[in-house]
1. For the stretch 56-66, enumerate the residues that are assigned to a strand (DSSP E or B) and touching a residue at least 12 places away in the same chain (Cβ under 8 Å).
2. Out of (1) within 15 Å of Y68 (Cβ to Cβ); (2) free of Cβ contacts under 8 Å to residues at least 40 places away in the same chain; (3) out of contact with any Phe, Trp or Tyr (no Cβ under 6 Å at 6 or more places or on another chain); (4) not acidic (D, E), what's the single condition that is false for C53?
3. (1) open to solvent by less than 100 Å² (accessible area, probe 1.4 Å); (2) of a type outside the set (V, I, T); (3) in contact with a Pro (Cβ under 7 Å, 6 or more places away or on another chain): which one isn't true of S12, the others all being true?
4. Can you confirm whether the stretch 38-48 contains a residue that is out of contact with any Leu (no Cβ under 8 Å at 6 or more places or on another chain), among the hydrophobic types (A, V, I, L, M, F, W, C) and surrounded by fewer than 15 Cβ atoms within 10 Å (Cβ to Cβ)?
Amino acid sequence: MKIHYFGGDNPSSWPGMDMQKVDDNIWSYQVPANTTGLVFNNGSGQQTGNFTCSANHLYDRNSDKGVYNK
């Protein structure tokens, strides 16, 4: 699973960075400060739409699920 982030001081290049697998369908990545947008993708053509980046939020392929409380 990859994350492409943009809109900040240090955006990723497409298709983005590899995320760390946490559990079955849970992945993690810490984006740089000032990031404004995110796209998740599999590196092979399947991707989400653009999401607005919010600190400590949980996302699925369809939407921002809000603050993630570990």
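The values are calculated or read from the model by the stated rules, or taken from the named source; none is laboratory data. Not measured: the values here are computed from a predicted model. Cβ: placed from backbone, ideal geometry, glycine included. Neighbour counts: every protein chain shown. Keep in mind that these areas ignore ligands, DNA and RNA; they rest on the heavy atoms of the full protein, side chains included. Shrake-Rupley method; radii C 1.70, N 1.55, O 1.52, S 1.80 Å.
1. Taking the stretch 56-66 as the starting set, the residues that turn out to be assigned to a strand (DSSP E or B) are 57-59, 64-66.
Matches in the stretch 56-66: Y59, D64.
2. Unmet for C53, out of (1) within 15 Å of Y68 (Cβ to Cβ); (2) free of Cβ contacts under 8 Å to residues at least 40 places away in the same chain; (3) out of contact with any Phe, Trp or Tyr (no Cβ under 6 Å at 6 or more places or on another chain); (4) not acidic (D, E): (2).
3. (3)
4. No: zero hits.
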